[in-house]
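S.K.: After the structure tokens below, expect a handful of questions from me.
The values are calculated or read from the model by the stated rules, or taken from the named source; none is laboratory data. This one's a predicted model, so the numbers in the text were calculated from it and none came from an experiment. Positions of Cβ are generated from backbone atoms using ideal geometry, with glycine treated the same way; all protein chains shown enter the neighbour counts. SASA here: full protein model, heavy atoms, side chains in, ligands and nucleic acids out. Shrake-Rupley method; radii C 1.70, N 1.55, O 1.52, S 1.80 Å.
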Amino acid sequence: MYKKLLIILITTFALTSNLSASSDGELLLKKNEPTEVKDCFEKLNRATFAFNNALDGILFKPVASVYRVLPSPVRSGVSNSLDNLSNLVTIPNNILQGEFKKAGVNTGRLLLNSTIGIFGLVDVATYMGLEEYEKEDYGQSLAKHGVGPGCYIVLPVLGPSTARDTVASTLNFLGGDPWYNVTVRTDTHYVSHEDYYASKVTGGVDFRAKNYNSIENLKENSVDFYASVKSLYLQDRQQKILNSKKIISTQDDSDWEEIDNN
Amino acid sequence: MKLNKALISIIIFFTTFANAYSMDAEVFVQSTINRASEILNENISKQEKMDKLKIVAKETVDIKGIGFYTLGSVRKTLDGSQKSEYSKLFERYFLKSFSSRLAEYSNPEIDVNSKEVLNENYTIVNSILKSDGQRPDIKIDWRIYTKKKDSPLIRDLIIEGLSLARTQKEEFASILNTNNGDINSLFQALDTFAKN
């Protein structure tokens, strides 16, 4: 079953992506433009989305609603620890993207927060002047090296993704994620696979709690919730790849010229 | 006599300054935020808040323009009566969606920080919705249409870099796509949303 899924993903990926390397920002922007990403499996995606939505209603939403009323220091401690763990994937990807200064800063942050910051609970690095950078992953690194997103995919439980990002995330299980390596792949006697899965589930709950009202609001006020989530996810992904919070041509001015002149 | 003098002064004041008057985009956004905040802080029902917010939206947002923008290239294929039907439906949909989204916030604290003049027609005003303890700070950029200097209009809200107009455009495109481009399916969806 997994083998079949992997073959489908790899085929999709190879068919829809353009593997020519590119460092040109404009090309990168165009390649990851949300409207350019095809929804090749829309029916299946919509069904998976409905399943995830139901799962959210019975599991993530109720847990997040309890989590968000926990005292603020507890929530920020959990959030800081998860951010700290994410550095383990961000640092190799900083290097893969040629961002050596960021890799250095993130390594400093990881060391400080894991030790003085008590396993990442307190973000002492920021107090010491090492500001947090955006998280990076293997999908973003592939994108930076010119790999297109391929088809849009909704994964069960995990949610929206693209063919490129799904394939890239398997690198985490093939040695690319040190946290996975020490918890699941090797028996270290200190941490176990439960710790890995617990951190992933907590990450999901933390995300849901932080965006609790926004998600409920979007659900209530969308005429097509699936399409809204897809658009927002792909816009966000495009920004993360470009490492920019700057407004990326949100509107086509030629459209407006035509509207204004009519 | 006194009344005449006062009248002349008022006329001179307006003829001198009215033509030169233009509202700065930053001031416009700040004043719109202030109006919305006042409503959201009032001790009234959600429906009453929504009704008041709708009035603010009608005066400050280019609803008709956004409607045609979000329709995408399909707008070129519509005839006059379809355009007018769409404009009506879109306005009802937009006002409900906009006011309902905003009415959820009570006592929001938004700081207007800076602006970036893109060109003669557009200015982006940057602001931050301050953290309420349960969610972090949220960056909100306002895309303001400034061609008519005395009456700027909001054409998009960009929340943490995510454009609402763009999201809406892709949402409408998806509805049309799943219904073989039938514009009536979109009309139906907008009508159902506005009625519920």
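S.K.: When Lys and Arg each count +1 and Asp and Glu each count -1, what net charge do the other residues less than 15 Å away from A:Gly108, Cβ to Cβ, add up to?
M.R.: -2
S.K.: Take A:Met128, B:Met23 and sort them by solvent-accessible surface of the protein heavy atoms, 1.4 Å probe, largest at the top.
M.R.: Largest accessible area first, the list is A:Met128, B:Met23.
S.K.: Now a separate question. Please compute, for the alpha-carbon atoms of the protein assembly as shown, the extent along each of the three principal axes and give them in descending order in Å.
M.R.: Rounded to whole Å, the extents work out to 97, 53, 45 Å.
S.K.: Note the buried accessible area between B and A here, summed over both chains, with a 1.4 Å probe, in Å² to the nearest 100. It would help to have the intermediate numbers written out before the result.
M.R.: Values: alone 12270 and 15810 Å², together 24440 Å².
Looking at B and A, the buried total is near 3600 Å².
S.K.: Now, a different point. Cβ under 14 Å from B:Glu48's Cβ, B:Glu48 left aside: what net charge do those residues give with Lys, Arg +1 and Asp, Glu -1?
M.R.: +1
S.K.: Would you please classify the overall shape of chain A from the alpha carbon gyration tensor, given that a ≥ b ≥ c denote the square roots of the eigenvalues, rounded means a/c under 1.5, and beyond that prolate means a/b larger than b/c while oblate covers the rest?
M.R.: rounded
S.K.: Find, among the chymotrypsin sites (Phe, Trp or Tyr not before Pro) in segment B:16-113, those assigned to loop by DSSP (not H, G, I, E, B) with at most 12 other beta-carbon atoms within 10 angstrom.
M.R.: Taking segment B:16-113 and a limit of 12 other Cβ atoms within 10 Å, the loop chymotrypsin sites (Phe, Trp or Tyr not before Pro) found are B:Tyr21.
S.K.: Roughly what angle does helix A:225-242 make with the longest principal axis of chain A, taking Cα atoms, 0 to 90 degrees, to the nearest 10?
M.R.: So the helix axis and the longest Cα principal axis differ by about 70 degrees.
S.K.: For segment B:137-196, what does the alpha-carbon gyration tensor say about shape, rounded, prolate or oblate, given a ≥ b ≥ c as the root eigenvalues, a/c under 1.5 as rounded, and a/b over b/c as prolate? Let's see the in-between values first.
M.R.: Numbers: a/c = 2.41, a/b = 1.82, b/c = 1.32.
Prolate, because a/c is 1.5 or more and a/b exceeds b/c.
S.K.: Next up: What's the longest bit of chain A with no exposed GluC sites (Glu not before Pro), using DSSP loop states and at most 14 other Cβ atoms within 10 Å as the test?
M.R.: Result, exposed sites excluded: A:1-130.
S.K.: Further, regarding this structure: Please give the FRET efficiency for B:Val74 paired with A:Ile118, using the beta carbon to beta carbon distance and R0 = 45 Å, rounded to the nearest 0.05.
M.R.: Calculated value: 0.20.
S.K.: For chain A, which longest stretch is free of loop sites, where a loop site is one of the trypsin sites (Lys or Arg not before Pro) that DSSP puts outside H, G, I, E and B and that has at most 15 other Cβ atoms within 10 Å?
M.R.: Longest stretch, sites excluded: A:136-244.
S.K.: Give me the percent of the accessible area of chain A that comes from carbon and sulfur atoms, probe 1.4 Å, all protein chains in place.
M.R.: Using a 1.4 Å probe with all protein chains present, chain A comes out at 65 percent carbon and sulfur.
S.K.: Do the sum for chain B: with -39,500 (n - 2.57) for every DSSP H run of n ≥ 4, divided by all residues, what is the mean residue ellipticity at 222 nm, to the nearest 500 deg cm²/dmol?
M.R.: When only DSSP H runs of four or more count, the value is -18500 deg cm²/dmol.
S.K.: Right, another one. What is the mean number of Cβ atoms from other protein chains located within 10 Å of the Cβ atom of each residue in peptide B:151-164, rounded to a whole number?
M.R.: That works out to 4 on average.
S.K.: Still on this structure, I have one more. May I ask for the equivalent-ellipsoid semi-axes of segment B:26-195, computed as the square root of five times each C-alpha gyration tensor eigenvalue and listed largest first in whole Å?
M.R.: Ellipsoid half-lengths, sorted descending, are 28, 20, 15 Å.
S.K.: I've got another one for you. Hey, what did segment B:26-195 get for relative contact order, percent, Cα under 8 Å, at least 6 apart? Walk me through the numbers before you get to the answer.
M.R.: Values: 224 pairs, mean separation 36.8, N = 170.
Result for segment B:26-195 is 22 percent.
S.K.: Continuing with this model, one more query. Calculate, axis by axis, the spread of Cα positions in segment A:71-169 along the three principal axes, and write the results as whole Å, longest axis first.
M.R.: 42, 33, 15
S.K.: Of chain B, which part is the longest with no trypsin sites (Lys or Arg not before Pro) in a loop (DSSP not H, G, I, E, B) and with at most 15 other C-beta atoms within 10 angstrom? All intermediate terms of the calculation are to be shown ahead of the outcome.
M.R.: Details: sites that count: B:Lys130, B:Lys147, B:Lys148, B:Lys149.
The longest uninterrupted stretch comes out as B:1-129.
S.K.: With θ set to phi - 60°, apply the Karplus curve 6.51 cos²θ - 1.76 cosθ + 1.60 along segment B:93-107 and write out the HN-Hα couplings as whole Hz, x wherever there is a Gly or Pro.
M.R.: 4, 4, 4, 5, 4, 4, 5, 5, 4, 6, 4, 5, 8, 10, 6
S.K.: How many Cβ atoms of partner chains, on average, are near each residue of B:63-73 if near means within 10 Å of its Cβ? List each step's numbers first, then the result.
M.R.: On the way: counts 0, 1, 4, 3, 1, 6, 6, 1, 2, 3, 2.
Partner-chain Cβ atoms within 10 Å, mean over residues of B:63-73: 3.
S.K.: Any number yet on Rg/Rh for segment A:120-262, C-alpha, Kirkwood?
M.R.: Looking at segment A:120-262, the ratio lands at 1.04.
S.K.: Quick one: pull the percent of accessible area on chain B belonging to carbon and sulfur, 1.4 Å probe, ligands and nucleic acids left out. Each step should come with its number before you reach the end.
M.R.: Numbers: 5710 of 10480 Å².
The nonpolar share, carbon plus sulfur, comes to 54 percent.
S.K.: Label-point separation (nm) for B:Arg92 and B:Lys64, each offset 7 Å from Cα along Cα-to-Cβ?
M.R.: Distance between label points: 1.9 nm.
S.K.: Of A:Ala209, A:Ala168, A:Ala227, which has the largest mean-square fluctuation in a 10 Å C-alpha GNM of chain A?
M.R.: Comparing A:Ala209, A:Ala168, A:Ala227 in the GNM, the peak value goes to A:Ala227.
S.K.: Could you give the accessible area per residue of segment B:26-195, probe 1.4 Å, as a whole number in Å²?
M.R.: Working: 7940 Å² over 170 residues.
For segment B:26-195, the solvent-accessible area averages 47 Å² per residue.
S.K.: Let me ask another. How high is the relative contact order of segment B:116-196, in percent, counting Cα pairs under 8 Å that sit 6 or more residues apart?
M.R.: About 17 percent, as a whole number.
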